[in-house]
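Undergrad: Here it is, the structure in full.
The values are calculated or read from the model by the stated rules, or taken from the named source; none is laboratory data. Treat the numbers as computed from the prediction; the structure is a model and nothing was measured. Cβ placement follows ideal geometry from the backbone for every residue including glycine, while neighbour counts extend to all protein chains displayed.
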Amino acid sequence: MIWDQEHETLSRSELEALQLERLQRQVANVYENVPFYRQALRERGILPADIRSLDDLPRLPFTVKNDFRDNYPFGLLAVPRRRLARVHASSGTTGKPTVVAYTKGDLDMWREVCARNLVAGGVAEDDTVQIAMGYGLFTGGLGWHYGAEHIGATVVPMSSGNTRRQIMLIQDFETTVFCATPSYAIYVAEQAEEMGVDLTATALRVGIHGAEPWSNEMRREIERRLGIDPIDTYGLSEIVGPGVSGECTYHCGLHINEDHFLVEIIDPQTGERLPPGERGELVITTLTKEALPVIRYRTGDITRLDLEPCPCGRTLARMEKVSGRTDDMLIVRGVNVFPSQIETVLLRVEGVQPHYLIVVDRELGAMDDVEIWVEVSEEIFADDIGRLRELQKVAEYEMYETLGIHARIKLVEPNTIERSMGKAQRVIDRRNVYG
Ligand code: DLL
């Protein structure tokens, strides 16, 4: 099923005409109403009237996360504060959060795009949707909440955590759709196994995931242990929250809601636009947002685009599963590697569990040193030491063969690595300590 037949199946030329009209309106709007953008455009000698085609987009300035911080909390608004209907914020590791704001119109648009992603993932009116993503300033919980209500599904607003209760309600309410970060989905599966509950025997059938990078191996693990079809969805607070893009049941990339979000792929080093199909950093311009329009936001997320129509009938461009963030990329003795690639290799090793931690270190003047802690199953851990040694060797060999990195693998017993209710912390980088 397609939620918005009209907008999700536009021809490329119809879509581009709509995008251009909206872009021109948006640029005029920010020039008029947001001093930050007026100044940035003036510095580049551009007036809104200079945007005559979509090819003029690269003439516009980028927006980066720091611009949100520098204008904290409400400096980037394009509307008076009294028009705000809601604010959200993303936590950030240090200092002030990134604040984002919505008018009533923005909330309507947001629930529309979330509804589209849910329907594309196979969710329908008859479903019971248990939302185990955080409610509150994080956009995950409330984003999916309104999207699911909008399509007429029954919402169970659990938020994340309270895992035993989540499992009880999955059984008692006959939940069919489970929304959670991939790492929390795995944790729920693990707890259910401990409680002796077989989730694959419940009514669960679809998983709505996202908010963190996850490999296809992790997807298979979720599929196997929860008995669901895991759907990848992508979004970020600065743009709207969830609802930017999502997979359909064909699992061949995430359909971008391009009539609201105009995307480009750039070389993260040079900022130059890359040709179609090449992998690089995703840049997004919001076309319809009222409270907080954003021009050419550098997401830091690495992906590539596919404009071919999809067997599902949608014509919206698809983005490849995000492999990682530019700032999460590890450079280990000159080899670039994303945590999700390490995850892929680990999960192919027999007996290894999807709980791991990558510790990167550097002694003064020495080379980067990578140690990967990974849990193995109870049976294997209880097995003789020879078997553990052998597994460790296999994992180290695979890591070198596939990714070209020498990493020490430390097999640890079940439940050693901290579980996550939201976004998992996979990397501890101690290199900065030495400057
Ligand atoms: O994570 C919004 C969201 C909620 C998306 C629920 C999907 C589901 P932020 O907290 O602002 O917003 O974090 C955004 O998370 O720039 C990516 O680096 C990462 N991210 C989000 N979705 C995915 C995904 C929400 N499917 C940041 N795969 C983004 C990989 C993702 N990374």
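Undergrad: Quick one: which residue in Arg304, Arg298 is in contact (Cβ under 8 Å) with a residue 12 or more places away in the chain, more than 13 Å from the ligand (Cβ to nearest atom) and under 18 Å from the mean Cα position of the chain (by Cα)?
TA: Exactly one of Arg304, Arg298 is in contact (Cβ under 8 Å) with a residue 12 or more places away in the chain, more than 13 Å from the ligand (Cβ to nearest atom) and under 18 Å from the mean Cα position of the chain (by Cα), namely Arg304.
Undergrad: Let me ask you something else. Considering only the stretch 199-208, I want to know if a residue exists there that is touching a His at 6+ places or on another chain (Cβ under 8 Å) and of a type outside the set (Val, Ile, Thr).
TA: For the stretch 199-208, residues touching a His at 6+ places or on another chain (Cβ under 8 Å) and of a type outside the set (Val, Ile, Thr): absent.
Undergrad: Sticking with this one: For the stretch 125-166, name all the residues that are farther than 16 Å from Ala211 by Cα, surrounded by 21 or more Cβ atoms within 10 Å (Cβ to Cβ) and polar (S, T, N, Q).
TA: Gln130, Gln166
Undergrad: In addition: Please state which one of Gly136, Gly161, Gly152, Gly75 is over 20 Å from the mean Cα position of the chain (by Cα), assigned by TED's automatic domain parsing to the domain that holds Asp301 and on the phi > 0 side of the Ramachandran plot.
TA: Exactly one residue qualifies, and that residue is Gly152.
Undergrad: Whether any residue in the stretch 298-320 is assigned by TED's automatic domain parsing to the domain that holds Ala78, touching a helix residue (DSSP H, G or I) at 6+ places or on another chain (Cβ under 6 Å) and more than 29 Å from Met1 (Cα to Cα) is what I want to check.
TA: Yes - at least one qualifying residue is present in the stretch 298-320.
Undergrad: Would you confirm, using the coordinates I've provided, whether Val87 is buried (at least 20 other Cβ atoms within 10 Å of the Cβ) and at pLDDT 95 or above?
TA: Spelling it out, it is not the case that Val87 is buried (at least 20 other Cβ atoms within 10 Å of the Cβ) and at pLDDT 95 or above.
Undergrad: Among the residues of the stretch 309-327, write down those that are near the ligand (Cβ under 10 Å from one of its atoms) and assigned to a loop (DSSP other than H, G, I, E, B).
TA: Correct list: Lys321, Val322, Ser323.
Undergrad: On to the next question. Can you tell me how many residues within the stretch 241-260 are hydrophobic (A, V, I, L, M, F, W, C) and either near the ligand (Cβ under 8 Å from one of its atoms) or farther than 17 Å from Ile2 by Cα (or both)?
TA: Final tally of qualifying residues: 2.
Undergrad: Looking at (1) among the hydrophobic types (A, V, I, L, M, F, W, C); (2) outside the structural domain of Tyr234 (by TED's automatic domain parsing); (3) surrounded by 14 or more Cβ atoms within 10 Å (Cβ to Cβ), which is the only condition Val335 fails?
TA: (3)
Undergrad: Check whether at least one residue in the stretch 101-119 is in contact with a helix residue (DSSP H, G or I) (Cβ under 9 Å, 6 or more places away or on another chain), of a type in the set (A, V, I, L, M, F, W, C) and either surrounded by fewer than 14 Cβ atoms within 10 Å (Cβ to Cβ) or within 23 Å of Arg38 (Cα to Cα) (or both), and report yes or no.
TA: Yes: one or more hits.
Undergrad: Suppose the filter is within 16 Å of the ligand (Cβ to nearest atom) and among the aliphatic types (A, V, I, L, M); does Ile342 pass it?
TA: Criteria met by Ile342.
Undergrad: Kindly provide the set of residues from the stretch 202-216 that are in contact with a strand residue (DSSP E or B) (Cβ under 6 Å, 6 or more places away or on another chain) and over 19 Å from Leu118 (Cβ atoms), ordered by number.
TA: Pro213, the sole residue that qualifies.
Undergrad: Turning to a different aspect of this structure: Residue check: is Arg205 in contact (Cβ under 8 Å) with a residue 40 or more places away in the chain and among the basic types (Lys, Arg)?
TA: Yes; evaluated as a whole, the condition is true for this residue.
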